[in-house]
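First up is the structure itself, then whatever we jot down about it.
Bear in mind that the values in this text are calculations on the coordinates, not laboratory data. This is a predicted model, so every value here is computed, not measured. Don't worry about glycine lacking a Cβ; one is built from the backbone with ideal geometry, like all the others, and counts go over all protein chains shown.
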Amino acid sequence: MLRTHNASLVEAFVRVLETMAFISPEPREAPVTAPPDLLLGRIEFSGPLRGAVEVVASEAFGALLAANVLGTSPAEPDAADRGRDAIKELVNVTCGALLASLASSPTNPFEVNIPRLSDFRAGEQWTPFVTSRDSACFDADGHTVAIRVTGLD
Amino acid sequence: MTYNILVVDDSATTRAVIKRTIQLAGVPASLYEAPDGHAALAQLDATPMDLVLADLHMPGMSGMELVHQMLASQSARSVPVIVITAEPNASRLEELKREGVRGCVRKPFTPEGIRTVINEVLGVAHA
């Protein structure tokens with residue numbers, strides 16, 4: 001069942017990124033080198049299934065993401081702040097798209113928390129993240145992005 | 001006719017994206033924004049609005065609580081609200097409409113999708 005959910009997550013993530021930011025991510029196989037300045041976007045959900053969707057991406061990717069959705073430049077002065085916002089929104093919308101593809105009922109709907117953003121320590125966390133069986137890595141316009149859904153066992 | 005449209009979302013980037021999408025969709029609008037429900041209610045008191053686009057999941061006052069407050073307000077009760085949301089439960093989106101929301105736009109959205117819902121809610125004939 002976890003393998004199915006991972007495939008659904010990949011499908012949701014690709015569709016969201018293409019629609020939101022006109023970026024078509026390409027899958028990358030491990031081993032994948034960690035980019036610098038990584039951020040972790042995480043959003044928890046409960047209901048028929050309980051878990052979390054996580055996206056790990058660099059600040060530079062966040063700036064690109066924000067620039068694409070806003071039609072601005074990643075080099076603008078407020079690009080970093082907007083980039084952090086954009087990564088949170090990416091994990092939020094990806095989670096919504098994933099859960100919308102899974103079964104729920106009016107009497108047992110999914111409940112989704114507010115997305116959180118935190119620093120990600122590449123030295124300690126990157127390898128365990130990208131080598132976990134429920135994760136996937138992408139090249140998104142030259143930026144490495146990793147995603148996973150956890151806690152659905 | 002130019003519509004006064006208020007965009008309510010706790011993310012500044014998302015507000016900017018929604019505003020840009022409305023412009024790309026060709027909706028003739030003067031755009032206002034608010035970072036939360038309380039600021040939205042203050043803006044509604046200050047300026048007559050034709051439409052509110054609101055996020056559903058916001059810290060503090062949720063989008064649904066904003067709708068309830070608007071319905072209880074003399075000045076804001078007739079202003080239609082469209083929620084823009086990543087809400088995954090189809091049943092909940094139907095419930096929103098029963099509680100007074102006039103339209104729903106699911107994220108990720110496109111200019112065409114936003115234009116269609118705005119035109120439906122404002123009663124604008126399609127070009």
(request) Using θ = phi - 60° and the Karplus relation 6.51 cos²θ - 1.76 cosθ + 1.60, list the HN-Hα couplings for the stretch A:40-50 in order, rounded to whole Hz, with x at every Gly or Pro. (result) 10, x, 9, 9, 9, 9, 9, x, x, 10, 10
(message) I'd like to compare B:43-54, B:111-122: which one has the highest average count of other Cβ atoms within 10 Å, and what's the full order after that?
(response) B:43-54, B:111-122
(request) Report the far tail of the P(r) of the protein assembly as shown, meaning the percent of Cα-Cα pairs longer than 32 Å. (result) 25
(request) Could you work out, residue by residue across B:85-95, how many beta carbons of other chains sit within 10 Å of that residue's beta carbon, and then give the average as an integer? (result) 6
(message) Considering only C-alpha atoms, what is the centroid distance from the stretch A:76-94 to the stretch B:72-99, in Å?
(response) 26
(message) Just to be sure I understand the model, the point goes 7 Å from the Cα along the line to the Cβ. What's the resulting B:H38 to B:T116 distance in nm?
(response) 3.8
(message) If amide hydrogens are placed 1.01 Å from N in the peptide plane, which non-local residues have theirs closer than 5 Å to the one on B:E33?
(response) B:V7
(message) Need the full-extension length gain, B:N4 to B:A90, defined as separation in residues times 0.36 nm minus the C-alpha distance. One decimal, nm.
(response) 28.1 nm
(message) Per-residue Cβ counts within 10 Å, from other chains only, averaged over B:12-21: what number is that?
(response) 5
(request) Measure off 7 Å from each Cα along the Cα-to-Cβ vector at A:F22 and B:R77, then give the distance between these two points in nanometres to one decimal. (result) 4.5
(message) Testing the spin-label approximation: label points 7 Å from Cα along Cα→Cβ at A:D81 and A:A103. State their distance in nm.
(response) 4.6
(request) Per residue of B:104-116, count partner chain C-beta atoms within 10 Å of its C-beta, then hand back the mean as an integer. (result) 3
(request) Compute the Rg to Rh ratio over chain A from the alpha carbon atoms, using the Kirkwood formula for Rh, and round to two decimal places. (result) 0.96
(message) Out of all DSSP beta bridges in the protein assembly as shown, what portion is antiparallel? Express it as a percent rounded to 5.
(response) 60
(request) Apply the membrane-span-like helix rule to chain A: whole DSSP H runs, Cα extent along the own long axis of at least 24 Å, mean Kyte-Doolittle hydropathy at least 0.0. List the helices found. (result) A:2-21, A:79-100
(message) Suppose the Debye formula is applied to equal point scatterers at every Cα of the stretch B:1-114; what is log10 I(q)/I(0) at q = 0.18, 0.19 Å⁻¹?
(response) -0.86, -0.97
